Amino acid sequence: MYRIFHRCLLALVIALYASSALAVAPIHLKGMLLHEGDGAQILLEAAKAVEPGILWSHIEMEPPTFKIYGSVVKPENLVLGSKVVTIRTEHGNRNMAQVVRLKWFAYLVVASRDIKRGEVLNAGDLKVELVEYKRSYGSVFSQIDRVLGFVARRNIKIGSPITDRDIEGAYLIERGSSVIVMVRSGAVDVKVGGVALESGVRGDKIKVRIPKFRKDVEAVVIDAKTVMIELD
């Protein structure tokens, strides 16, 4: 009976967690309520919610305020760093649209000197600066210690933000490796086998496949063999 309970609990929490954790990439706009006169702050708060690891500063928007109002119907999602977007809303029987131009700014780890391919990154090579975030950057960093000890995969010019495509190595868990997925809910821990779909260092949130339940979830790297899903 105890084993059956654990299996049921695991199936439940995996299903619940997967449905929410994997929906974190862009800002979800559909259904967002806009008021006439709202500014870019509403987008900034949404960006902070979906990418809390990035130290967002502000977003410049032109025009600086919305002249439309109501519930957003399109686009459903907004990719961080997008330059131009047409936002459509509806309010009662009224449909409205407005084109806005955006510039996204964040405090990011950048190269303090030209770094050559194959060099190991140390504190003297890096600094945190306020820079414009572009959607082509993908995954970036706001804390220097997140990239210390990594190896430059290609030449990095001074002042360039460090992205996950620029560095490699020092991963605790490599993509394709077998892992133990620990699901923690209060005082209850349940373990199940999984396969890492991404590489990661300690503290990274990576995608993991759980073949037993045919689910892909996001879990935090704990050590070279373990990742954790912690439910409040």
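The values are calculated or read from the model by the stated rules, or taken from the named source; none is laboratory data. Keep in mind the model is a prediction, meaning the values are calculated, not measured. As a convention, Cβ positions derive from the backbone with ideal geometry for all residues, glycine included, and neighbour counts pool all protein chains shown.
General observations
- Selection within segment 113-153 - surrounded by fewer than 15 Cβ atoms within 10 Å (Cβ to Cβ) and touching a Lys or Arg at 6+ places or on another chain (Cβ under 7 Å): ASP114, ARG117, GLU132, GLY138
- Index of the failed condition, ARG184 passing every other in (1) modelled with pLDDT of 90 or more; (2) in contact with an Asp or Glu (Cβ under 8 Å, 6 or more places away or on another chain): (1)
- Counting only strands (runs of 3 or more DSSP E) wholly contained in segment 119-203, the ones carrying 1 or more residues that are in the same structural domain as LYS225 (by TED's automatic domain parsing) and touching a residue at least 40 places away in the same chain (Cβ under 8 Å) occupy 178-185, 188-196.
- Residue list for segment 204-215, filter: in contact with a helix residue (DSSP H, G or I) (Cβ under 9 Å, 6 or more places away or on another chain), modelled with pLDDT under 90 and over 18 Å from LEU172 (Cβ atoms): LYS212, PHE213, LYS215
- Selection over segment 181-194 of residues that are within 23 Å of the chain's Cα centre (by Cα) and surrounded by fewer than 16 Cβ atoms within 10 Å (Cβ to Cβ) gives a count of 1.
Yes/no matrix, rows are residues, columns are (1) at pLDDT 95 or above; (2) in contact with a helix residue (DSSP H, G or I) (Cβ under 8 Å, 6 or more places away or on another chain); (3) of a type in the set (Asp, Glu):
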{"position": "SER20", "(1), (2), (3)": "no, no, no"}
{"position": "VAL24", "(1), (2), (3)": "no, yes, no"}
{"position": "ILE27", "(1), (2), (3)": "no, yes, no"}
{"position": "GLY31", "(1), (2), (3)": "no, no, no"}
{"position": "GLU36", "(1), (2), (3)": "no, no, yes"}
{"position": "ALA47", "(1), (2), (3)": "no, no, no"}
{"position": "VAL50", "(1), (2), (3)": "no, no, no"}
{"position": "TRP56", "(1), (2), (3)": "yes, yes, no"}
{"position": "ILE59", "(1), (2), (3)": "yes, yes, no"}
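- Of the residues making up segment 134-145, those that are over 14 Å from the mean Cα position of the chain (by Cα) and either modelled with pLDDT of 90 or more or more than 24 Å from GLY200 (Cβ to Cβ) (or both) are LYS134, GLN143, ILE144.
- In segment 154-170, the qualifying residues are those that are out of contact with any strand residue (DSSP E or B) (no Cβ under 6 Å at 6 or more places or on another chain) and not hydrophobic (A, V, I, L, M, F, W, C), and the one that is surrounded by the most Cβ atoms within 10 Å (Cβ to Cβ) is ASP164.
- Those strands (runs of 3 or more DSSP E) of segment 18-105 in which at least 3 residues are touching a residue at least 40 places away in the same chain (Cβ under 8 Å) and surrounded by 17 or more Cβ atoms within 10 Å (Cβ to Cβ), considering only elements entirely within it, cover 55-62.
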